[in-house]
Amino acid sequence: MQRIRKAVFPVGGLGTRFLPATKAMPKEMLTVVDKPLIQHAVEEAQAAGIEQFIFVTGRNKSPIEDHFDYSFELEQILVEREKLKELASLRSWVPGVGRVAYTRQQQAKGLGHAVWCARDLVGDEPFAVVLADDLVLSGTPCLRQLIDVHERTGGNVVAIMEVPRAETCRYGVLAVGDDDGRLAKVTSLVEKPAPDEAPSTLSIIGRYVLLPQVFAHLERQAPSAGDEIQLTDSLARMIGTAPFHGLRFEGTRFDCGTKIGFLKANVAFAMTRPEIAEELGDFLKSIV
Ligand code: G1P
């Protein structure tokens, strides 16, 4: 079985829900505590063993490229001022030379189209997709949990969780067969169904391990929900041709595509930091 070496990060979205914060700054650069969302996503992938980082970008996304580059002037100043701890924390997570690739999604045609844009960079091997909007606080990195399953079952693997029925219209939603309460065999899936049409409330969150065959399906894919080319539709077409599982991952997921999810993520991640947790906890108690 081929190892999962590459991860695709679709970062072309406009971030209109966070205007005006995202007027001149990519939404992926919004910070949870002291790291941009996209850095949280990349660090999760690194901890899961990913070696190649493929960003599918769009207009006005160059701060993301700068973030994953060396910053010569800044590093020089830190050396001169002997701030070696800060220097180390600036370098440790930057992928090595040649480990990052960027391609532009020239038109906003949906998640499936964004993933398809990475087809030549991924090539003919299974790969991961990580959506930075979905931030997961967990012991074992969420993507690692998916890769562990893929190594046992092969095929496509998606991270899933139960959502309130009223919210199925925001997710890819599964119908499942064999289900041991953690891992479920996917029998069908549909993008953003209305609550009364959803096959279940088991929904995909933004972590995927996918077979490269998905690209051929994406290539032929017509736009559907929201007039976008949906990844979900191509995954549905692969059912029966390869194993396909949904994993109820261990961890807490924050929907950082919404203000409330983003704020909760900030509080939850801050509470894991010993230097902030106590004072923040006292403050929160005092204001609620
Ligand atoms: C995308 C996918 C959807 C998935 C969701 C997870 O939707 O299309 O299937 O459930 O991410 O966050 P988006 O949030 O981009 O509308």
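The values are calculated or read from the model by the stated rules, or taken from the named source; none is laboratory data. The structure presented is a predicted model; accordingly, all values stated were derived computationally and were not measured. Here the Cβ positions follow ideal geometry from the backbone for every residue, glycine too, while neighbour counts run over all protein chains shown.
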On the basis of being part of a strand (DSSP E or B) and over 30 Å from TYR70 (Cα atoms), does THR103 make the cut? no
Candidate set: region 16-54, residues that are in a helix (DSSP H, G or I) and of a type in the set (Val, Ile, Thr); chosen: the one surrounded by the most Cβ atoms within 10 Å (Cβ to Cβ): VAL42
Can you tell me which residue is surrounded by the most Cβ atoms within 10 Å (Cβ to Cβ) among those in region 130-185 that are within 14 Å of the ligand (Cβ to nearest atom) and acidic (Asp, Glu)? ASP133
Does region 207-214 contain at least one residue that is surrounded by 14 or more Cβ atoms within 10 Å (Cβ to Cβ) and of a type in the set (D, E, K, R)? yes
List the pairs whose first member sits in region 219-232 and is more than 16 Å from ALA198 (Cβ to Cβ), whose second member is away from the ligand (no atom under 13 Å from the Cβ) and at pLDDT 85 or above, and whose Cβ atoms are under 7 Å apart, counting only residues at least 6 apart or on separate chains? GLU219/TRP116
Sort out which residues of region 186-208 are of a type in the set (Val, Ile, Thr), within 15 Å of the ligand (Cβ to nearest atom) and outside any loop (DSSP other than H, G, I, E, B), and write them in order of number. VAL186, VAL190, ILE204, ILE205
Tell me, please, whether a residue that is away from the ligand (no atom under 16 Å from the Cβ), over 23 Å from PRO126 (Cα atoms) and polar (S, T, N, Q) can be found in region 232-243. no
Among GLY112, GLY49, GLY13, GLY98, which is in contact with a Leu (Cβ under 8 Å, 6 or more places away or on another chain), under 30 Å from VAL149 (Cα atoms) and small (Gly, Ala, Ser)? GLY112
